[in-house]
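Enquirer: Structure incoming, see below.
The values are calculated or read from the model by the stated rules, or taken from the named source; none is laboratory data. These figures come from a predicted structure and were not determined experimentally. Every residue, glycine among them, receives a Cβ derived from its backbone with ideal geometry; neighbour counts consider all protein chains shown.
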Amino acid sequence: MGSPMKSLTKLCLLALATTPVALWAQANPDIQSRLSAVEAATKAAQSAGDNAWMLTSAALVLMMTGPGLALFYGGLVRRKNVLSSMMHSFILMAVVTVIWAVVGYSLAFGGDSSFIGDFRFAFLNNVGSAPNADYAGTIPHQTFMIYQLMFAIITPALISGAFAERMKFSAMLLFMTLWALIVYFPMAHMVWGKGGLLSASLGGKIPCFDFAGGTVVHITSGVSALICALYLGKRIGYPSEAMKPHSLVISVIGACLLWVGWFGFNAGSALNASGLASSAFVATHFGAAAAALGWILAEWLHNGKPSMLGGISGCVAGLVAITPASGFVRPFPALAIGFAAGIVCFLMVSKVKQKFGYDDALDAFGVHGIGGTLGAILTGVFATNAVNDGFKDSAGKLLPLGWVDGHAGQVVNQLIGVAISWGLAIVGTIIIIKICDVVLGVRVPKEQEIEGLDVALHGEEGYILES
Amino acid sequence: MKKIEAIIQPFKLDEVKEALKGIGIDGMTISEVRGHGRQKGHKEVYRGQEYNVDLLPKVKLEMVVSNTRADEVIKTLAGAARTGKIGDGKIFVYDVMEAVRIRNDDRGESAL
């Protein structure tokens, strides 16, 4: 049953149920109080369903970082650097959590200015079990806060793919702290915060559709990754030496954990356990599947053999691209978006990267930066109110969303959102990486890079096979 | 005594071991190694970059035999390991000065 029909039916039933009952209740106060109790219980049941799903989603998104991304990136680096790569993901689970609790959540979601939040939620003040009506009216405010924290954790972790195998650990910690403050919190506020410049549903001046973070998470991290790769320079021996993944097995496991975890990332962005969550779940899955096929097909034709690495790279590219679109598009456009991402990102990492010669070690820019950009733009094409009925005019009529609804101008808004995320990422990262280099030095000395970061920076080895 | 060192194709190992066992040689040391002779490696593409892979997996067998048995062992080994194609491998023969059985201090050929 379509959404308008459902609402109409609900309304009729409610009228039928309450009118005679209400008349009778005036004579029977006991019935009145029991009716209120039933209404409260219904609301509580809805909240319970929503909260269960949202807590599950938060756990799924954290799983994407640990162990999903840790395994995915860890398997792609050389053996001597596996632990340093995993450490990047893991330490952020700890560091970002503290920053978020102290000031991060507030800067991202507090207040209603255009660019950055205020300090009303600093130290999680006023973040309790009562819902925050601005953001998610049926779940505890704490649930919303912890869900958003998991996004703040994985976003900087994605950047580590670009500077893998050559960045100093101390400099990375400083970089990530500054990056969260200067790039992530403002971007999150602009797109998802109340009154944010690009907010679609909370009073933004340039409404940009980004359901789960194509701009906030993937473009910012992917473009920042490119800046880092350019600033740090190529690894010793790149590109003449083959630096192949030391364990595609663990990368495959990581990629599959990312795919499953992404259901929390996208479907959880519905912020409730509704039909929209189901729709986003389906779109996410379809995007991943089509992209894996697209990349594998392109590779099969281009290299003659379909590879496992191509398969997992493809599925991640599709998941990235479908992220902004997931709560706005139908299943078959999701397939199309995924397929396009598979092909485009394959070309990015196999052709364009060679042409420009930068060492984006784990293709953070090629997959997240470009995949996110593609997905954000295609969201403007395929977004439809047949999927997402959350946007109505003052009369209560559904607004057209994307090009397929007849609102081609949305693509322009998407491009603006894309441009702002690129701009913020580029400017912010250049400033931050320069500060880190001056204060701590960002690149490890040559001997440490050759010896391997696990031993040099962390004093341990990932595998001790003889023992 | 002679030390016979053979570098062969990994997929030939079972056949060679069986053949040597058939003539009564069942003491040997086997290791997994990488290398190449005139066998060119192959090209691999990783992320659009083409690489030459010329460290090919091989298996090395080492055994010490009496002087009288050396020729027979070499013939049996080579016959079992041969495919006729480039990459079959090589056998090297060295003189051995002494052999000792650790368990009971047997010396010379009686230690083999």
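Enquirer: Inside region A:340-366, can you point out the residues that are in a helix (DSSP H, G or I), buried (at least 21 other Cβ atoms within 10 Å of the Cβ) and within 11 Å of chain B (Cβ to nearest Cβ)?
Expert: Passing the criteria: A:F346, A:M348, A:V349, A:S350, A:K353, A:G366.
Enquirer: Here's a follow-up. For region B:40-112, give me every one of the strands (runs of 3 or more DSSP E) that falls completely inside it and has 2 or more residues that are touching a His at 6+ places or on another chain (Cβ under 9 Å). Give the derivation first.
Expert: On the way: elements: B:42-46, B:49-53, B:56-65, B:89-95.
In region B:40-112, the matching strands (runs of 3 or more DSSP E) lie at B:49-53, B:56-65.
Enquirer: Sticking with this structure for a sec: Can you tell me which residue in region B:71-112 is farthest from B:M28 (Cα to Cα), limited to those that are exposed (fewer than 13 other Cβ atoms within 10 Å of the Cβ) and among the hydroxyl-bearing types (S, T, Y)?
Expert: That would be B:T83.
Enquirer: May I ask you to list pairs of residues, at least six apart or on different chains, whose Cβ atoms are under 9 Å apart, with the first in region B:37-49 being within 10 Å of chain A (Cβ to nearest Cβ) and the second being among the charged types (D, E, K, R) and in a loop (DSSP other than H, G, I, E, B)?
Expert: Hits for this filter: B:E44/A:K244; B:V45/A:K305; B:Y46/A:K244; B:R47/A:D363.
Enquirer: Only one of (1) part of a helix (DSSP H, G or I); (2) farther than 27 Å from A:A273 by Cβ; (3) touching a His at 6+ places or on another chain (Cβ under 9 Å) fails for A:L197. Which number is that?
Expert: Single failed check for A:L197: (1).
Enquirer: Quick check: anything in region A:34-52 under 19 Å from the mean Cα position of the chain (by Cα), in a helix (DSSP H, G or I) and among the hydroxyl-bearing types (S, T, Y)? Walk me through how you get there before you give the answer.
Expert: Narrowing region A:34-52 to residues under 19 Å from the mean Cα position of the chain (by Cα): none.
Among the residues of region A:34-52, not one is under 19 Å from the mean Cα position of the chain (by Cα), in a helix (DSSP H, G or I) and among the hydroxyl-bearing types (S, T, Y), which makes the answer no.
Enquirer: Let me ask another. From the set of residues in region A:323-334 that are out of contact with any Leu (no Cβ under 9 Å at 6 or more places or on another chain) and either in a helix (DSSP H, G or I) or within 12 Å of A:A292 (Cα to Cα) (or both), which is nearest to the other protein chains (Cβ to nearest Cβ)?
Expert: Going through the qualifying residues, I end up with A:T323.
Enquirer: Based on what the data block shows, is A:G128 surrounded by fewer than 19 Cβ atoms within 10 Å (Cβ to Cβ), at negative phi and modelled with pLDDT of 95 or more? Outline the logic, then answer.
Expert: Numbers: surrounded by fewer than 19 Cβ atoms within 10 Å (Cβ to Cβ): yes; at negative phi: yes; modelled with pLDDT of 95 or more: yes.
Yes, satisfied.
Enquirer: Which residues, taken from region A:110-146, are within 20 Å of A:D50 (Cα to Cα) and aromatic (F, W, Y)? Outline the logic, then answer.
Expert: If we filter region A:110-146 for residues that are within 20 Å of A:D50 (Cα to Cα), which is where we start, we get A:127-146.
Within region A:110-146, A:Y135, A:F144 qualify.
Enquirer: Could you list all residues from region B:5-36 that are modelled with pLDDT of 95 or more, part of a strand (DSSP E or B) and of a type outside the set (D, E, K, R)?
Expert: B:A6, B:I7, B:I8, B:T29, B:I30, B:S31, B:V33 - these are the residues of region B:5-36 that are modelled with pLDDT of 95 or more, part of a strand (DSSP E or B) and of a type outside the set (D, E, K, R).
Residues checked against (1) within 14 Å of chain B (Cβ to nearest Cβ); (2) over 26 Å from A:Y147 (Cα atoms); (3) assigned to a helix (DSSP H, G or I):
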| position | (1), (2), (3) |
| --- | --- |
| A:M243 | yes, yes, no |
| A:G254 | no, no, yes |
| A:S269 | no, no, yes |
| A:N272 | no, no, no |
| A:A277 | no, no, yes |
| A:L301 | yes, yes, yes |
| A:K305 | yes, yes, no |
